[in-house]
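The values are calculated or read from the model by the stated rules, or taken from the named source; none is laboratory data. None of the values given here were measured: they were computed from a predicted structure. Cβ sites come from the backbone with ideal geometry, for glycine too, and all protein chains shown count toward neighbours.
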Amino acid sequence: MLINKIEDVRNQVKEWRKEGLSVGLVPTMGALHEGHLSLIKKAKEACDRVVVSVFVNPIQFGPSEDFDKYPRTLEADTKLCDGEGVDVVFAPTPNEMYGGGRLSNDTLTYVCPPFFYVNKLCGKSRVGHFDGVCTVVLKLFNIVQPDFGFFGQKDAQQVIVIKKMVKDLNVPIEIVQCPIVREESGLALSSRNKYLTEQGKIDALVLSKILNNIKVCYNKGITDVSALKETVYSFLTDKHELEYIEILNRETLEEEKNANKNSIALIACRVEGVRLIDNIYLGE
Ligand code: AMP
């Protein structure tokens, strides 16, 4: 069932609650692919009823980012959700979520995650991005009031920031993290892969290759983070614009001199002007 109005999704969830059913929420921006579907499948296993939100959230995009051209494929998304047995696709308009008018931090109460978690990785180049993410996720949590929220490790910093928000603000929702789904080639699935040409998709394999190589080096006994980071340069060509490569603690995003079983390697790199991210746990 497709629902656009906050009040309607609230009423539906209320009905389920009366029946004692558990509810899972999978927040997405649509243009659904197998990565999203893996979260939906997990939600179906764990919950009696599943809501998938499809909302391209304006407040998490910077002024020069791809908000306008972000792929919007609601009809196809709804069909995919139906195929997975999703109970409600919640697809509000920006106006429904935020009301009309100018959106800024003078006009909206924002959730601002701690600087320590957002002054690095994607938060460094996308200033304010995680304020927008946390604000919309908390709104969706308050609208749907699910028991569980499902998020992908693909956006590793995002899920860490959301777990922190949930803990700090006592949000009574369990966050379930799901593994990264990749193409057979190794490319992590992303709605933004749609922007790439066939050649771009080949060039984009450098992200997973770099991460896998770091893991191979780590498994061979190289733990010095600077040495591991140095290995990336042999992979990069003029097709690649590296934004960051970091090896951090996978729970806290703290820097460590030596990689260990709790480390995560994370990369952001532009290919054909498309900003792609990926990550890998070194200890698994
Ligand atoms: P998005 O629509 O890009 O905001 O993503 C919605 C959710 O799907 C987020 O929790 C993402 O981490 C997750 N997701 C996106 N791509 C993948 C993937 N390749 N594997 C697993 N989860 C993913």
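Side notes on the structure shown:
- Residue within region 125-141 that is more than 16 Å from the ligand (Cβ to nearest atom), part of a loop (DSSP other than H, G, I, E, B) and exposed (fewer than 12 other Cβ atoms within 10 Å of the Cβ) present: yes
- A single member of Ile202, Ile222, Ile180 is in a loop (DSSP other than H, G, I, E, B) and more than 11 Å from the ligand (Cβ to nearest atom), and it is Ile222.
- Count - residues of region 1-54 that are within 11 Å of the ligand (Cβ to nearest atom), in a loop (DSSP other than H, G, I, E, B) and of a type in the set (A, V, I, L, M, F, W, C): 3
- Some residue of region 30-42 being under 25 Å from Val176 (Cβ atoms), in contact with a His (Cβ under 9 Å, 6 or more places away or on another chain) and hydrophobic (A, V, I, L, M, F, W, C): no
- Residue within region 59-66 that is farther than 23 Å from Gln153 by Cα, of a type in the set (Gly, Ala, Ser) and more than 11 Å from the ligand (Cβ to nearest atom) present: yes
- Set side by side, the residues Ile162, Ile247, Ile210 differ, and just one is crowded, with 18+ Cβ neighbours inside 10 Å, within 16 Å of the ligand (Cβ to nearest atom) and free of Cβ contacts under 8 Å to residues at least 60 places away in the same chain, which is Ile162.
- Which numbered condition Gly24 misses (of (1) among the small types (Gly, Ala, Ser); (2) closer than 14 Å to Leu140 by Cβ; (3) surrounded by fewer than 22 Cβ atoms within 10 Å (Cβ to Cβ)): (3)
- Given (1) surrounded by fewer than 19 Cβ atoms within 10 Å (Cβ to Cβ); (2) closer than 20 Å to Trp16 by Cβ; (3) touching a helix residue (DSSP H, G or I) at 6+ places or on another chain (Cβ under 6 Å), index of the condition Pro71 fails: (2)
So that you can scan it fast, the table gives a plain yes or no per residue for (1) modelled with pLDDT under 95; (2) over 16 Å from the mean Cα position of the chain (by Cα):
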| residue | (1), (2) |
| --- | --- |
| Leu2 | no, yes |
| Ile6 | no, yes |
| Arg10 | no, yes |
| Leu25 | no, no |
| Lys42 | no, no |
| Ser64 | yes, yes |
| Lys79 | no, yes |
| Leu103 | yes, yes |
| Cys112 | no, yes |
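- Hey, Lys239 basic (Lys, Arg) and over 24 Å from the mean Cα position of the chain (by Cα) or not: yes
- Residues in region 225-240 that are surrounded by 14 or more Cβ atoms within 10 Å (Cβ to Cβ) and of a type in the set (D, E, K, R): Lys229, Lys239.
- Each residue in region 225-260 was checked for being closer than 21 Å to Lys120 by Cα and assigned to a helix (DSSP H, G or I), and 9 pass.
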